[in-house]
Amino acid sequence: MLLIEAAAKQWGVDPSTCRAQHGAVLHSASSRRLGYGELADAAATLPVPARDSVPLKQLKDFTLIGTPAKRLDTPDKVDGRAEFGIDTRLEGMTIAAIAISPVLGASRNR
């Protein structure tokens, strides 16, 4: 709601003529479009509406929730191509390990 309101304010149109879709606010009548990132600062300055005044989306209008999502990162993880933080090697980097005795109460002098 705040993103739509920020876009409508910037365009000088009624918020009811705008809609949020695919990461942007659209105004169909004028074909204008602003991304959420472009509106974030302006939306953050608007007053937060009361919880009871925010309309919830109808179940029939959900496009992502309840649908299978393809995990695009899985093949790289399975075949070892994915690189994780622990895999990082930098020039001049040294590696250390903490040595812990397998025997309770032991010290390195024993």
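The values are calculated or read from the model by the stated rules, or taken from the named source; none is laboratory data. Computed from a predicted structure; not experimentally measured. Counting neighbours? That spans all protein chains shown, and the Cβs are built from the backbone with ideal geometry, glycine included. Only protein heavy atoms, including side chains, enter the accessible area calculation; ligands, DNA and RNA are left aside. Shrake-Rupley method; radii C 1.70, N 1.55, O 1.52, S 1.80 Å.
Distance from the Cα centre of the stretch 35-53 to that of the stretch 81-110, in angstrom? Measuring centre to centre over Cα atoms gives 47 Å. Rounded to the nearest 500, the 222 nm mean residue ellipticity of the chain from helices alone is -6000 deg cm²/dmol, with -39,500 (n - 2.57) taken per DSSP H run of at least 4 residues. Helix 2-11 and the longest principal axis of the Cα set of the chain meet at an angle near 50°. The residues of the chain expose, per residue, 89 Å² of accessible area to a 1.4 Å probe.
Using a Gaussian network model of the chain in which every pair of alpha carbons under 10 angstrom is joined by a spring, one finds that among THR63, THR94, THR74 the greatest mean-square fluctuation is at THR94.
Between ALA50 and ALA20, the FRET efficiency from the beta-carbon distance, with R0 = 25 Å, is close to 0.80.
Projecting the Cα positions of GLY37, LEU59, ALA8 onto the charge dipole of the chain (unit charges on Cβ atoms of Lys, Arg, Asp and Glu, taken about the Cα centre) puts LEU59 furthest along the positive direction.
Restricting the stretch 1-96 to chymotrypsin sites (Phe, Trp or Tyr not before Pro) that sit in a DSSP loop and have at most 11 other Cβ atoms within 10 Å of their own Cβ leaves PHE62, PHE84.
If you plug the beta carbon distance of LYS77 and SER30 into 1/(1 + (r/R0)^6) with R0 = 35 Å, you get a FRET efficiency near 0.20.
Taking the full set of protein chains and a 1.4 angstrom probe, give the accessible area of ARG33 in square angstrom, rounded to the nearest 10. Only protein atoms counted, so the area is about 140 Å². Here the chain is assigned +1 on the Cβ of each Lys and Arg and -1 on the Cβ of each Asp and Glu. Its dipole about the Cα centre then comes out at about 300 debye. For ALA69 and ARG89, the difference between the fully extended length at 0.36 nm per residue and the C-alpha to C-alpha distance is 3.9 nm.
Lysine pairs in the chain whose alpha-carbon atoms fall under 30 angstrom of each other, counting only those eight or more residues apart or on distinct chains, come to 4. Annotation: ILE98 carries an accessible surface of approximately 150 Å², with a 1.4 Å probe and no ligand, DNA or RNA atoms counted. Of the whole protein surface, ARG32 contributes about 80 Å² of accessible area at a 1.4 Å probe radius. Among the listed options (1) 347; (2) 114; (3) 102, the one matching volume of the Cα convex hull per residue in Å³ as calculated from these coordinates is (1). Apolar share of the accessible surface for the chain: 57 percent from carbon plus sulfur atoms, 1.4 Å probe.
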